[in-house]
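Before any comments, here is the structure.
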Amino acid sequence: MARVTVIGGGLAGSEAAFQLAERGHEVTLVEMRPVRPTPAHRTDRLAEIVCTNSFKSTELTTAHGLLKWEMRALGCLLLAVAEEARIPGGAALTVDREEFSARMTAVVEGHPRIRVVRADGRPVSWGRSLLRHTIGYGLVGLSLGLGFLWIFVDKRRRGWPDLVSGTRVIEEASDD
Ligand SMILES: Cc1cc2nc3c(=O)[nH]c(=O)nc-3n(C[C@H](O)[C@H](O)[C@H](O)COP(=O)(O)OP(=O)(O)OC[C@H]3O[C@@H](n4cnc5c(N)ncnc54)[C@H](O)[C@@H]3O)c2cc1C
């Protein structure tokens, strides 16, 4: 089975990660919040709904309703969780947004084949890279390797080169 990296734990990314993991793939889901916030999101939860709490109509006579029916038939996680977090909204699938994203976060983070990494996914800049390789590795050398062992102390498993340059090493999915 493949190892897959999904960037962004919004609605689409969370669903994609779950569907891939359910099919046996090892998934790394990279979400930048809370490391880097967005103007729209308010929490660090996965699948946060940023605007209306309505997923619109469930009636089969509407395009929205038909699409939901098809998504349910395909085993859509979002819709199953939306049903659990549902609040009265007539024919519309309306949810308690807090409960919805809390449940989604629990399911995705709790999946044995999904690893959620909180990082913004951007490549390291030249400046940071220079800092990392000169000052960072220099300090590790001067400390006779203690700077590398710091990963066992740091909560986010960062050694001194990472701490000096504000970077973080992430194991990426490879193509083989
Ligand atoms: C003000 C506003 C009103 C809206 N109103 C509606 C509406 O009425 N109806 C409707 O259907 N939709 C509405 N939307 C759109 C709504 O945001 C989308 O329907 C839905 O959130 C899209 O899901 P998504 O997964 O594509 O994106 P998002 O839910 O935004 O997910 C993207 C995720 O990727 C993360 N991310 C981005 N870049 C990186 C990176 N480089 N590294 C790591 N993580 C990253 C973000 O933090 C976020 O969690 C509205 C949006 C806004 C802003």
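The values are calculated or read from the model by the stated rules, or taken from the named source; none is laboratory data. Treat the numbers as computed from the prediction; the structure is a model and nothing was measured. Note that we place each Cβ from the backbone using ideal geometry, even for glycine, and neighbour counts take in every protein chain shown. For accessibility, only protein heavy atoms count, side chains too; no ligands or nucleic acids. Shrake-Rupley method; radii C 1.70, N 1.55, O 1.52, S 1.80 Å.
Remarks
- Options ARG158, ARG113: the member that is charged (D, E, K, R), closer than 18 Å to VAL27 by Cβ and more than 16 Å from the ligand (Cβ to nearest atom): ARG113
- Residue that is within 30 Å of ARG168 (Cα to Cα) and within 13 Å of the ligand (Cβ to nearest atom), where the choices are THR43, THR94: THR43
- Scanning the stretch 42-53 finds one or more residues that are modelled with pLDDT of 95 or more, β-branched (Val, Ile, Thr), in contact with a Leu (Cβ under 8 Å, 6 or more places away or on another chain) and assigned by TED's automatic domain parsing to the domain that holds PHE100.
- Qualifying position, being under 18 Å from THR52 (Cβ atoms) and over 17 Å from the mean Cα position of the chain (by Cα), among GLY145, GLY90, GLY75: GLY90
- Among the criteria (1) buried (at least 17 other Cβ atoms within 10 Å of the Cβ); (2) not assigned by TED's automatic domain parsing to the domain that holds ARG45, the one VAL108 does not fulfil is (2).
- Residue under evaluation PHE148, criteria (1) open to solvent by 60 Å² or more (accessible area, probe 1.4 Å); (2) more than 30 Å from THR58 (Cβ to Cβ); (3) within 16 Å of the ligand (Cβ to nearest atom), criterion not met: (3)
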